[in-house]
Amino acid sequence: MLNQDQIQQLNKLEENTHHTEFKQLAERMTSQGINVEGVLNQLKNFQVAIPSWALGSGGTRFGRYLFGGAPRNLFEKIEDVGLLHQLTANADSISLHIPWDIPKDITAIKEAASAYKLRFDAVNSNTFQDQVDQQYSYKFGSLSHVEKEVRAQAIAHNKEVIQLGTALGSKSITVWLADGSNFPGQNNFQTALEHTQNSLQQITHALPDDWKMFIEYKPYEPHFYSTVIQDWGTSFLLANACGPKAFTLVDLGHHLPNTNIEQIVATLMMQGKLGGFHFNDSKYGDDDVTVGSIQPYKLFLIFNELVHGMAKNTNNPHLSWMIDASHNTKDPLEDLLQSLDAILEAFAKALLVDQTALKQAQEENDVVVCQELIQNAFKTDVRPLVSQMRQRAGAAIKPLVVYRKTQQREIRIQNRGLDALATGL
């Protein structure tokens, strides 16, 4: 962990410029009737989970490049998430992918997380690859497999994940199903979907009373002709079939190019079936690159629907937020710091939209005013708001600057080695 004095000393170097910029922005917001303190509180309460698999080198199907100092076990992953939270005040939880990260000693893992003021977010099951000593293969499917024995094995794995999550204090499970086909005629679509629905219903029955299940969708990959849960509509259908504990999870990269994700978000919120988000960015598909690095305006538009939906649709559950990225050319911790900034900035901009004026303009069909209200908020530099929230929370005014000036990657290379490999993936 960083010494808190280090953060405060480096903050002092930024204070004069920051306070001037924040004062100007706060005065402008106040003149527009925006509650500055209210926005700061919402930013402070917005917590994003860090997945255990995002802390190492993800690479591509062509290979991986080592960056040095990767976390070699779950304790070191918790240490890295703890650093992110200390720097930003917005990463208070870790999401485990099982069996990539199986806690051997639950008590020790919980104590380690508590020491860094972390909790455990959704646990993630894995039936998209075969594991050592696995009796049946998932080559031709798992929860949708034609053979009952294979489906039973996949269901049992999900139940084990729920049990581990319960021991850790988690309250939800995310199910991403890779099942699908590569060739026409390989699968019967209706049979595969029926098997999947029955399997998910059995998993839902194993959920504790205060748990939720998030059903993730993806149009293609690893299969390229069909995916069983290929879009939000299929996920929504399955969530309805599984009852009130099941919800749809939106991964920003799990859409075909130019899909109107913000409209999907609005529809799911209206139905009370939006469970959470996996944040990332993309140019072509499931690129899993830094949040906001390619399509920041799209991210903002999604948050605009979220802000409106969370205020209007009271039937929605508490939403879960997580970064789901894969790093190949960046230091993963730097990438995650940039992603957290992008998420908080998009949220802050969405909070600046005058929803009352926007509704009036919509009802008057004043398209020009609608565009002005949306784009004026998007063009506002809200970085002073995010920095002010973080300084008040004892975090860094500029997390990435502090990370580099305190040589956090170099310290990890010294302690863990230049050729360290992260567990999982």
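From the list K148, K159, the one residue that fits, being touching a residue at least 12 places away in the same chain (Cβ under 8 Å) and either aliphatic (A, V, I, L, M) or farther than 24 Å from D231 by Cβ (or both), is K159.
Starting from residues that are touching a residue at least 40 places away in the same chain (Cβ under 8 Å) and among the hydroxyl-bearing types (S, T, Y), keep the ones in the range 177-221 and report whichever is nearest to A246 (Cα to Cα). Ranking the qualifying residues of the range 177-221, first place goes to T204.
For the range 284-291, the condition of being at pLDDT 95 or above and either assigned to a helix (DSSP H, G or I) or crowded, with 23+ Cβ neighbours inside 10 Å (or both) holds for at least one residue.
Return the total of residues in the range 114-125 being under 30 Å from Y217 (Cα atoms) and outside any strand (DSSP E or B). Outline the logic, then answer.
Initial filter on the range 114-125 (under 30 Å from Y217 (Cα atoms)): 118-125.
Remaining after also requiring outside any strand (DSSP E or B): 118, 121-122, 125.
Qualifying residue count, the range 114-125: 4.
Put simply, of G59, G82 the only residue that is surrounded by 15 or more Cβ atoms within 10 Å (Cβ to Cβ) and at positive phi is G59. Does K330 satisfy the criteria of being at pLDDT below 95 and basic (K, R)? In short, yes.
Only one of the listed residues (S387, S339) is touching a Ser or Thr at 6+ places or on another chain (Cβ under 6 Å) and among the hydroxyl-bearing types (S, T, Y). That residue is S339. Summed over the range 209-226, the residues that are touching a helix residue (DSSP H, G or I) at 6+ places or on another chain (Cβ under 6 Å) and assigned to a loop (DSSP other than H, G, I, E, B) give a count of 1.
When only residues in the range 257-283 that are in contact with a Leu (Cβ under 8 Å, 6 or more places away or on another chain) and over 23 Å from P51 (Cβ atoms) count, which is surrounded by the fewest Cβ atoms within 10 Å (Cβ to Cβ)? Full working, then the answer.
Of the residues in the range 257-283, the ones in contact with a Leu (Cβ under 8 Å, 6 or more places away or on another chain) are 261-262, 265, 268-269, 274-282.
Pick out the ones that are also over 23 Å from P51 (Cβ atoms) and you get 262, 269.
Working: E262: 17, M269: 20.
Selected residue: E262.
For the range 308-328, a residue qualifies if it is among the β-branched types (V, I, T) and buried (at least 23 other Cβ atoms within 10 Å of the Cβ), and exactly one does: I323. Exactly one residue among D354, D341 is in contact (Cβ under 8 Å) with a residue 12 or more places away in the chain, closer than 30 Å to F75 by Cα and of a type outside the set (A, V, I, L, M), and that residue is D341. Only one of the numbered conditions (1) at pLDDT below 95; (2) surrounded by 13 or more Cβ atoms within 10 Å (Cβ to Cβ) is not met by H157, and that is (1).
The residues of the range 174-232 that are among the acidic types (D, E), within 25 Å of the chain's Cα centre (by Cα) and on the phi < 0 side of the Ramachandran plot, listed by number, are D179, D209, D210, E216, D231. Among the residues making up the range 373-394, those that are surrounded by fewer than 22 Cβ atoms within 10 Å (Cβ to Cβ) and in a loop (DSSP other than H, G, I, E, B) are K379, T380, D381, A393, G394.
State all residues of the range 292-330 that are β-branched (V, I, T) and in a strand (DSSP E or B); if no residue qualifies, say none. So that I can check it myself, show each step before the final result.
Kept after step one, since they are β-branched (V, I, T), are these residues of the range 292-330: 294, 302, 307, 314, 323, 329.
Result: I323, single match.
Can you find even one residue in the range 233-245 that is touching a Pro at 6+ places or on another chain (Cβ under 9 Å) and either of a type outside the set (K, R) or crowded, with 22+ Cβ neighbours inside 10 Å (or both)? Looking for residues that are touching a Pro at 6+ places or on another chain (Cβ under 9 Å) and either of a type outside the set (K, R) or crowded, with 22+ Cβ neighbours inside 10 Å (or both), one finds none in the range 233-245, hence no.
From V132, V175, V146, grab the single residue that is within 20 Å of L238 (Cα to Cα) and assigned to a loop (DSSP other than H, G, I, E, B).
Details: V132 fails: within 20 Å of L238 (Cα to Cα); V175 fails: assigned to a loop (DSSP other than H, G, I, E, B).
Unique residue meeting the criteria: V146.
What single numbered condition from (1) crowded, with 19+ Cβ neighbours inside 10 Å; (2) touching a residue at least 60 places away in the same chain (Cβ under 8 Å); (3) farther than 17 Å from V175 by Cβ fails to hold for Y297? Single failed check for Y297: (1). Here is a check on your reading of the model: is D251 over 19 Å from P317 (Cα atoms), of a type outside the set (F, W, Y), touching a residue at least 40 places away in the same chain (Cβ under 8 Å) and out of contact with any helix residue (DSSP H, G or I) (no Cβ under 9 Å at 6 or more places or on another chain)? No. Looking only at residues of the range 16-38 that are surrounded by 15 or more Cβ atoms within 10 Å (Cβ to Cβ) and not aliphatic (A, V, I, L, M), we find that the one that is nearest to V402 (Cα to Cα) is H18.
The values are calculated or read from the model by the stated rules, or taken from the named source; none is laboratory data. If you're wondering where the values come from, they're calculated on a predicted model, not measured in any experiment. Glycine gets a Cβ as well: all are built from the backbone with ideal geometry, and neighbour counts include every protein chain shown.
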